[in-house]
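Engineer: After the structure tokens below, expect a handful of questions from me.
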Amino acid sequence: ITGSSYHAYIKLSEGCNQTCSFCAIPSFKGKLHSRELKSITKEVKYLVSQGYFDFSFVSQDSSSYLRDFDIRDGLQRLIKEIEKINDVKSARILYLYPSTTTLDLIDTIAKSNIFRSYYDMPLQHISQSVLKIMKRGKGSEKLKELMNHMHKFDDAFIRSTFIVGHPGETQEDFEELCKDVKEYKFHRANVFSYSDEDGTDAYNREDKIDQDIIDTRAQILGDIITQTTTRSLEDKIGKTIQVIVDGISSEHDYLLSAKDIVWAPEIDGEIYINDNELNDGVQIKFGQIYNAKITDIAGDKLIATILK
């Protein structure tokens, strides 16, 4: 459970049943052990009784939830059960694995009244040749199909992570990655530099990349991601959204800190509220949902005013 008074992370499973060239370390690997659905719903009901209303469901491979029980639509079942629980006002699923995410799952999330159209999918790369080296899923065409389908929904929020400098990554592979990151305009993304890890397949490859080239590529892709993130924030200026007010901002005592109700707490950003009471003199309460109009942006922070 997070430190906030309204949000909780709910674990869907223990262990991981996926392997790849940069994390396939024997001591870290393990079979997927999905929690029973009734156990999860029981936990959510209890937390709701304690005042929690915003939930993030997470595991190392959330889209494989219940597949160890030979159930291929586990997340769809989870969504339907959580929607039945009174006073759950917002939810999202973190870490969807490309090879086990279906178009039907994307549609189910998008159509839900509780679950936000929040798609957190660590792609790692987009070049077909690098994905093959990494042993990642079904390749670039599958990834692009999923990305295009997510973008069909106007309220979609898409987060991802990428790795640069993996052994075997050519300049052409890297340029393809940069091109696609620009094209798909991820709302949030992180870039990581490849580093050797003893026990992985990549550790023993002979086509490793010089560290200075890896650093340069990480900087280039990082700058592109900064641009796409800034653009996604600027697109909200002038719009009215739902926010949850967290408390006093660490920036200034006269500013309140809030988050878009779609965002995952602590990782997707912060919105500054430039007043601490409504225009009728009523004090704004922490841990409450309000309608807010985005008025400006300061660096990577949006500025908003709470509406009556």
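Engineer: In debye, nearest 20, what is the charge dipole magnitude of region 118-171 about its Cα centre with +1 on Lys and Arg Cβ and -1 on Asp and Glu Cβ, if you could check? It would help to have the intermediate numbers written out before the result.
Structural biologist: Details: 8 positive and 6 negative charges, 57 e Å.
Dipole size: approximately 280 debye.
Engineer: Moving to a separate point now. Apply 1/(1 + (r/R0)^6) to the Cβ-Cβ distance of Glu83 and Lys293, taking R0 = 41 Å, and write down the FRET efficiency to the nearest 0.05. Mind showing how you got there, number by number?
Structural biologist: On the way: r = 29 Å, r/R0 = 0.70.
E(calc), rounded to 0.05, equals 0.90.
Engineer: Which residues in region 140-161 place their backbone N less than 17 Å from a point set 7 Å from the Cα of Glu234 along the Cα-to-Cβ direction?
Structural biologist: none
Engineer: Around Thr161, which amide H atoms from residues at least 5 apart in sequence, or from another chain, sit under 5 Å from its own amide H, with H modelled in the peptide plane?
Structural biologist: Leu123, Gln124, Asn190
Engineer: Here's something else I'd like to know. Of Ile209, Ala110, Asn86, which is farthest on the positive side of the dipole of the chain, counting Cα position, with +1 on Lys and Arg Cβ, -1 on Asp and Glu Cβ, and the Cα centre as origin?
Structural biologist: Checked the options; the winner is Asn86.
Engineer: With charges only on Cβ, +1 for K and R and -1 for D and E, what is the dipole size of the chain about its Cα centre, in debye, rounded to 20?
Structural biologist: Numbers: 39 positive and 49 negative charges, 265 e Å.
The dipole of the chain has a size of about 1280 debye.
Engineer: Rule-of-thumb check for the chain: C-alpha Rg over 2.2 N^0.38 Å? Provide the component values of the computation, followed by the final result.
Structural biologist: Details: Rg = 20.5 Å, N = 308, 2.2 N^0.38 = 19.4 Å.
The chain yields a ratio of 1.06.
Engineer: Still on this structure: Which entries of Lys152/Lys185; Lys111/Lys179; Lys142/Lys185; Lys38/Lys89; Lys185/Lys208 show an alpha-carbon separation above 23 angstrom in the structure shown?
Structural biologist: On the way: Lys152/Lys185 13 Å; Lys111/Lys179 30 Å; Lys142/Lys185 18 Å; Lys38/Lys89 20 Å; Lys185/Lys208 29 Å.
Long pairs (Cα-Cα over 23 Å): Lys111/Lys179; Lys185/Lys208.
Engineer: State, to one decimal in nm, how far the label point of Glu36 lies from the label point of Lys135, with both points 7 Å from Cα in the Cβ direction.
Structural biologist: 3.4 nm
Engineer: Per residue, how many Å² of accessible area does region 26-145 show with a 1.4 Å probe?
Structural biologist: On the way: 5620 Å² over 120 residues.
Roughly 47 Å² per residue, with all protein chains present.
Engineer: Using C-alpha positions alone, give me the convex hull volume of region 72-187 per residue in cubic angstrom. Walk me through the intermediate numbers first.
Structural biologist: Details: hull volume 10.9 nm³, N = 116.
Convex hull volume per residue, Cα atoms: 94 Å³.
Engineer: If I take all pairs of Cα atoms in region 209-277, what percentage of them are more than 17 Å from each other?
Structural biologist: On the way: 1350 of 2346 pairs.
Tail of the P(r) past 17 Å holds 58 percent of the pairs.
Engineer: Which is farthest toward the positive dipole end of the chain among Ile126, Ile284, His252, measuring Cα position about the Cα centre, with Cβ charges +1 (Lys, Arg) and -1 (Asp, Glu)?
Structural biologist: About the Cα centre, the residue reaching furthest to the positive side is Ile284.
Engineer: Under the rule of -39500 (n - 2.57) per DSSP H run of 4 or more residues, summed and divided by the residues of the chain, what mean residue ellipticity at 222 nm is obtained, to the nearest 500 deg cm²/dmol? Present the calculation step by step, with values, prior to reporting the outcome.
Structural biologist: On the way: 7 runs with 88 residues, N = 308.
Mean residue ellipticity, 222 nm, calculated: -9000 deg cm²/dmol.
Engineer: Still on this structure, I have one more. Treat region 179-308 as a sphere of radius equal to its Kirkwood radius over Cα pairs and apply Stokes-Einstein at 10 °C in a medium of 1.306 mPa s; give the translational diffusion coefficient in µm²/s, rounded to a whole number.
Structural biologist: Working: Rh = 17.2 Å.
Roughly 93 µm²/s, to the nearest whole number.
Engineer: Let me ask something else. What whole-number volume per residue, in cubic angstrom, does the convex hull of the C-alpha atoms of region 27-90 give?
Structural biologist: Numbers: hull volume 6.0 nm³, N = 64.
With only Cα atoms used, region 27-90 gives 93 Å³ per residue.
Engineer: So for region 132-231, Kirkwood radius off the Cα pairs, Stokes-Einstein at 4 °C and 1.567 mPa s: how many µm² s⁻¹? Spell out each step's value before the answer.
Structural biologist: Working: Rh = 14.6 Å.
For these conditions, the coefficient is 89 µm²/s.
The values are calculated or read from the model by the stated rules, or taken from the named source; none is laboratory data. None of the values given here were measured: they were computed from a predicted structure. Note: ideal-geometry Cβ built from the backbone for every residue, glycine included; neighbour counts use all protein chains shown. The area values use the complete protein model at the heavy-atom level, side chains included, leaving out ligands, DNA and RNA. Shrake-Rupley method; radii C 1.70, N 1.55, O 1.52, S 1.80 Å.
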